[in-house]
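Visitor: Before I ask anything, here is the structure I am working with.
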């Protein structure tokens, strides 16, 4: 119980809850373990659960004529599936798949709704979170529409560094292992384009890559290249 309460204290959706409220909602979560490549839900499935990641990485994606389009990456302490908590009868708008072995906590909508009725703060926080993710989705649509491939790639690694960045002596490490193909699926381009741009950034010493982990050595310079 202590583990889930400690995790909830660092999740934005639950941060404003009191210790008493956290202790009350913690037993409602069910722990689930999933192997790498496990499908947590498919696009079109009925949505009735919120997922909270204790450990591991999950990608959210859609398929467009068999081509994978990665919409988001979530890791330790992140949550997803919150849209299913807002109203009943909604289907999943994307597929969730584990990128490595994961331990997750799952909260059923029916249980969450009962708790939410007693906590106006939680209702407001859920609304804020949903609106924030909607703005991010709008930004991604804008990028796909108006930015060239090179700028989209650089903006994507900047966004990943903001979401998953860990400061190191070498720079800002994106703490998620990514292949060139996975980055291409996030940007909406081909793997060769990603490889070309990353190599240019390596040559300019703006990034370094070690075992599929990207470190941004000069964030401001990379931002300055986006146009």
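We did not get these values from a lab; they are worked out from the coordinates using the rules stated. Keep in mind that this is a model prediction, so the values were computed, not measured. Methodologically, a virtual Cβ is constructed for each residue, glycine included, from the backbone with ideal geometry; neighbour enumeration extends over all protein chains shown.
Visitor: Per DSSP H run of at least 4 residues, take -39500 (n - 2.57); add these up for the chain, divide by its residues and hand me the 222 nm value, nearest 500 deg cm²/dmol. Numbers along the way, then the final one.
Guide: Numbers: 9 runs with 98 residues, N = 227.
It lands at -13000 deg cm²/dmol.
Visitor: Just check the range 2-136 against the gyration tensor rule for me: Cα atoms, a ≥ b ≥ c as the square roots of the eigenvalues, rounded for a/c under 1.5, and otherwise prolate or oblate depending on whether a/b exceeds b/c.
Guide: prolate
Visitor: Sticking with this structure for a sec: With axes computed from alpha carbons, what is the tilt in degrees of helix 191-203 against the longest principal axis of the chain, rounded to the nearest 10 within 0 to 90?
Guide: 70
Visitor: Using Cβ counts within 10 Å as a stand-in for footprinting exposure, how do 83, 131 rank, fewest first? Don't jump to the answer; show the numbers that get you there.
Guide: Values: 83 17, 131 10.
In order of increasing Cβ crowding within 10 Å: 131, 83.
Visitor: Need one number: nm distance between label points at residue 10 and residue 136, each 7 Å from Cα along Cα→Cβ, rounded to one decimal.
Guide: Here the answer is 1.7 nm between the modelled labels.
Visitor: Here's a follow-up. Can you tell me the 0 to 90 degree angle between the C-alpha axis of helix 120-146 and the longest principal axis of the chain, rounded to 10?
Guide: Long axis of 120-146 versus the principal axis of the chain: about 20 degrees.
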